[in-house]
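Structure, as structure tokens:
Readers should treat all values here as calculations from the given coordinates under stated rules, not as data from a laboratory. In this text the structure is predicted, and so the values were computed from the model without any measurement. Cβ coordinates were reconstructed from backbone atoms using ideal geometry, including for glycine residues, and neighbour counts include every protein chain displayed.
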Amino acid sequence: MDKKSCILIVDDERLNIKLLTELLRDKYKIMAAKNGEQALKAARGNVPPDLILLDIMMPGIDGYEVCKRLKADEKTKHIPVIFVTAVTETQDAARGFQAGAVDFIQKPLNLVMAKARVDLHIKLHKTMDELKEALSQVKKLSGLLPICMHCKKIRDDKGYWNQIEAYIDNHSEAQFSHSICNECAEKHYPGMDIYDEQSS
């Protein structure tokens, strides 16, 4: 069973935190912060959130500045931030996107729309993580691979020699189907009429 994604709600109004917590707690693990300083500390903790719902107008550090600091930090820059705000001016929205936000949820809250946007960005975040992992696996096949000049086995990171098919199977999702090239057909099966797909 997949573990619950974690959402950090940041708002100086206790009622807004309560509304969002009640809306999301069945599906997500919830953390809360009442100001920008607490938000930055929570985001940089040992268990960072998967998504941050961030109020803009707060005493002390406002939401714009919190978002900028999150995006400037290597540890937190990947966490998607959604502004939850009463701000509606186009200029203010543009400023939010420039700070690094991925979306806006407007106050007063439309609970159905708020939940839909959270679900969407959690799904996108998970998809990005899966793509990064897939890319990491592909990169394992790049660079220099020690391969035997005679039997063509490949040496893995632990020093074991593997058939090339086994090595690629363990490091990618590629699947093999065996055939025979023209040169090997002439060498090992002289006189046989081997069908050449490329000539058809």
| said: Under 5 Å between amide hydrogens, which residues at least 5 positions from Val84 or on another chain qualify, with H placed 1.01 Å from N in the peptide plane? | reply: Leu54, Asp55, Ile56, Ile105
| said: I need the calculated FRET efficiency for the pair Leu111 and Lys41, taking r as the beta carbon distance and R₀ as 41 Å, to the nearest 0.05. | reply: 0.90
| query | Under the Karplus relation 6.51 cos²θ - 1.76 cosθ + 1.60, θ = phi - 60°, what is the ordered set of whole-Hz ³J(HN,Hα) values for the stretch 67-75, x standing for Gly and Pro? | reply | 4, 4, 5, 4, 6, 8, 9, 4, 6
| query | Amide H to amide H, which residues 5 or more places from Ile7 or on other chains are under 5 Å from it, using H placed in the peptide plane? | reply | Lys29, Ile30, Met31, Asp50
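Compute the normalised compactness of the stretch 6-138: alpha-carbon radius of gyration over 2.2 N^0.38 Å, N being the residue count. Could the numbers behind the result be given before it?
Values: Rg = 14.2 Å, N = 133, 2.2 N^0.38 = 14.1 Å.
Against the compact-globule rule of thumb, the ratio is 1.01.
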| field | Cut-off under 5 Å, modelled amide H: who pairs with Asp62 long-range | value | none
